[in-house]
Every structure is written in C-alpha cells, then in structure tokens.
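J.: The following block contains the structure, expressed as structure tokens.
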Amino acid sequence: QVQLVESGGGLVQAGGSLRLSCAASGRTFSPTMAWFRQAPGKEREFVASISWSGGSTLHADSVKGRLTISRDNAKNTVHLQMNSLKPEDTAVYYCAARRVGMSSLTEGAYDYWGPGTQVTVSS
C-alpha cells in the first residue's frame with residue numbers, strides 16, 4: 001500500500017504561483033507519479049506525470065509552460081510548480097501513483113490517490 005497526502009493548495013490571484021507537494025508513505029516505490037485535477041462540475045482530468053527517474057515527464061497542453069512536475073525520490077515527494085495561474089486552474093488537485101507501468105493520461109491506470117488539495121485562483 002502507498003499513502004499519498006497533498007499539501008500547498010490555497011487561494012492565489014491570477015498570475016500568481018503555488019507549489020503543491022505530495023508526500024508518499026508506505027510501500028513507496030512507484031514508477032510513475034501524476035497530478036490530476038477536478039474543477040467544480042467537471043470530470044477529473046490529467047495534469048502531468050513523471051517517471052521514476054524524473055527524466056520523462058508529460059504535461060497536459062492546457063498547462064504546458066506554466067505548471068511543472070518534479071520529484072525527489074530521496075524524500076518520497078512529488079511537486080507541482082504552478083506559475084502564471086489562471087482562474088480556469090481552480091480545482092481540487094490530486095496526486096496519484098501507479099504500482100507498475102509508464103505514464104498514462106487515464107486516471108484508471110493509477111492505483112493510489114491522495115485526498116486532494118484545493119487550489120483557487122481569483123481573477
């Protein structure tokens with residue numbers, strides 16, 4: 001089992017920045033980690049994923065150049081640096097982990113999920 005806990009969410013003005021963190025505990029070897037988000041009234045959507053080494057990342061087109069995923073395996077953490085935030089980035093952000101396998105844009109491919117952290121961007 002892997003337990004995931006997100007932190008770093010909050011309220012920020014448009015154009016501002018936040019840094020989300022996801023702390024993993026338990027059986028922490030997870031080849032692929034990812035961030036998803038769910039806005040009010042919408043389905044959960046893929047944001048970014050990262051391989052075990054950190055050498056391979058994927059970012060949704062809507063966040064490329066603004067949101068960046070990274071990981072620190074020594075600390076069992078994954079981060080999402082969020083810059084130039086827009087009101088449409090408002091959502092609950094979830095950290096996810098796969099037991100095996102490469103990056104996937106599909107939430108069903110991920111085995112473990114955190115409870116989420118709220119990000120609100122005001123205009």
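The values are calculated or read from the model by the stated rules, or taken from the named source; none is laboratory data. Here the structure is a predicted model, which is why all the values come from computation and not from measurement. Glycine also receives a Cβ, built like all others from the backbone with ideal geometry; neighbour counts cover every protein chain displayed. These accessible areas exclude ligands, DNA and RNA; they are computed on the full protein's heavy atoms, side chains included. Shrake-Rupley method; radii C 1.70, N 1.55, O 1.52, S 1.80 Å.
J.: Under the condition of being modelled with pLDDT under 95 and in a loop (DSSP other than H, G, I, E, B), which residue from segment 17-37 is most open to solvent (accessible area, probe 1.4 Å)?
T.: Among those residues, the one meeting the criterion is R27.
J.: Another question about this same structure. Within segment 66-76, does at least one residue satisfy the condition of being more than 11 Å from the chain's Cα centre (by Cα), crowded, with 16+ Cβ neighbours inside 10 Å, at pLDDT below 95 and closer than 15 Å to V5 by Cβ?
T.: yes
J.: Pick from L105, L85: which is of a type outside the set (K, R) and either over 14 Å from the mean Cα position of the chain (by Cα) or crowded, with 18+ Cβ neighbours inside 10 Å (or both)?
T.: L85
J.: Also: I'm trying to understand the selection: among the residues of segment 50-72, which are among the charged types (D, E, K, R) and more than 15 Å from L85 (Cβ to Cβ)?
T.: D61, R71, D72 - these are the residues of segment 50-72 that are among the charged types (D, E, K, R) and more than 15 Å from L85 (Cβ to Cβ).
J.: Just give me the residues in segment 38-53 being closer than 21 Å to G101 by Cα and either assigned to a strand (DSSP E or B) or open to solvent by 30 Å² or more (accessible area, probe 1.4 Å) (or both), in sequence order.
T.: Correct list: R44, E45, F46, V47, A48, S49, I50, W52, S53.
J.: When segment 108-123 is examined, which residues are found to be open to solvent by 60 Å² or more (accessible area, probe 1.4 Å), in contact (Cβ under 8 Å) with a residue 24 or more places away in the chain and not in a loop (DSSP other than H, G, I, E, B)?
T.: Passing the criteria: W113, Q118.
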